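Please treat every number below as a calculation from the coordinates, not as lab data. Since we're looking at a predicted model, the values are computed, not measured. As a convention, Cβ positions derive from the backbone with ideal geometry for all residues, glycine included, and neighbour counts pool all protein chains shown.
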Amino acid sequence: MSNETIYSLKNVTKSFGELTAVNDISLDIRRGEIFGIIGMSGAGKSTLVRTLNGLESVSSGKVEFEGKDLAGLSEKELNSLRHSIAMIFQNFNLLSQKTVLDNVVLPLKISGKDKAEQKQKALEMLKVVGLESKAKAYPRQLSGGQKQRVAIARALTMDPKVLLCDEATSALDPKITEDILKLLKSINETLGITIVIITHEMRVIEKICDRVGIIDEGRLVETGPVSEVFTNPKTDIAKRLIFADRDEAFPVDEEFRGKKIARIVFDGTTSTEPIVCRLTKETGLTVSILGANTRSVGGIGYGQMIIELPKDRTEEERITEFFVKNGVKVTEVSDNG
């Protein structure tokens, strides 16, 4: 990943009548990175991604791709630029009456490539996604994961510089989602394609993204490296998204009213240490563990716990100081007192 900017969004706003879907967003996306855009349903993230290839014109502000303002391009120039920006969707968008090979060939056919070249390129891309043996199959004969692989192969036929993924794994089960994310990571690393992932699932962002932008009610409220946002979320929406995938591991709700609750995060170097045992042994203080799990963030293992802190302020400060001194980040989740 380079520091060169491939996308630059400057005060981008998109309104539909009185509804403002995207509100004054400024953002740079770097060439070769995997950038995640996450938000709750209706936050405006899908509208934002559609401005990146000109499918939605902006109401105000600028979307620049490789230094070119999309709004200043003619229709012919915009269509040409779209060859550099491929897109995949949640519902795959395959033609059911055509074979896998015919689906993948489609963009090449539209662009007027030679027939022999079309077939060769399509088979090459099917090999990239591991489906060369399914060339003569029809979509109805494929699993959901295989259908998405076909959609990815089709998107790659025009040698794009950017791949936009709009909720591309939302219809897939967790195991298939993991396989598709591994494929996208491999494509990013081997082909150097910039990938922008739109999702409402933090586990997708954590798995492969380098940086993330969090959208809330049309605004970009937080951005940064994924590991930084995960370990030290600054906004309420970031905290909600991180805990959305907790599988009930962190039961921070009404039953804990009156208790001071904190989240502690261990990075890859400290996640295997018995830190809570050490706390008791070295300070004589104890904490109640309300929930715990481990996560892989950018390929690095992180552990996290929700603990109840003592009501005594001095003891609380000693516990926090101990964790921080030992490389463990502490963030307050709630104080229901």
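Amide hydrogen proximity for Ile37: with H placed 1.01 Å from N in the peptide plane, the residues at 5 or more positions away or on another chain lying under 5 Å are Ile197, Ile198, Thr199, Gly213. Treating only the Cβ atoms of Lys and Arg (+1) and Asp and Glu (-1) as charged, compute the dipole magnitude of the chain about its Cα centre; round to the nearest 20 debye. In debye, rounded to 20, the chain gives about 1260.
Annotation: amide H of Thr99 has no partner in the under-5 Å range at sequence separation 5 or more or interchain, hydrogens built in the peptide plane.
Here the Karplus relation 6.51 cos²θ - 1.76 cosθ + 1.60, evaluated at θ = phi - 60°, turns the backbone of the range 91-102 into coupling constants of 9, 6, 6, 8, 8, 5, 7, 10, 5, 4, 4, 5 Hz, with x for every Gly and Pro. In sequence order, the range 186-199 has phi-based couplings of 5, 4, 4, 6, 8, 9, x, 7, 6, 10, 10, 10, 9, 7 Hz under the Karplus curve 6.51 cos²θ - 1.76 cosθ + 1.60, θ = phi - 60°, and Gly or Pro positions carry x. Cα centroid separation, the range 114-165 to the range 79-107: 8 Å.
The relative contact order of the chain comes to 17 percent, based on Cα pairs under 8 Å that sit 6 or more residues apart.
Taking the C-alpha atoms only, the angle from helix 144-156 to the longest principal axis of the chain is near 60 degrees. Calculated on the Cα set of the chain, radius of gyration then Dmax: 23.0, 76 Å.
Here the 3J(HN,Hα) profile of the range 317-325, calculated from phi with Karplus coefficients 6.51, -1.76 and 1.60 at θ = phi - 60°, is 5, 5, 5, 4, 4, 4, 4, 4, 4 Hz, Gly and Pro shown as x. Once backbone amide H atoms are built at 1.01 Å from N, Leu290 has Ile306, Ile307, Glu308 as its partners under 5 Å, excluding neighbours fewer than 5 places away on the same chain.
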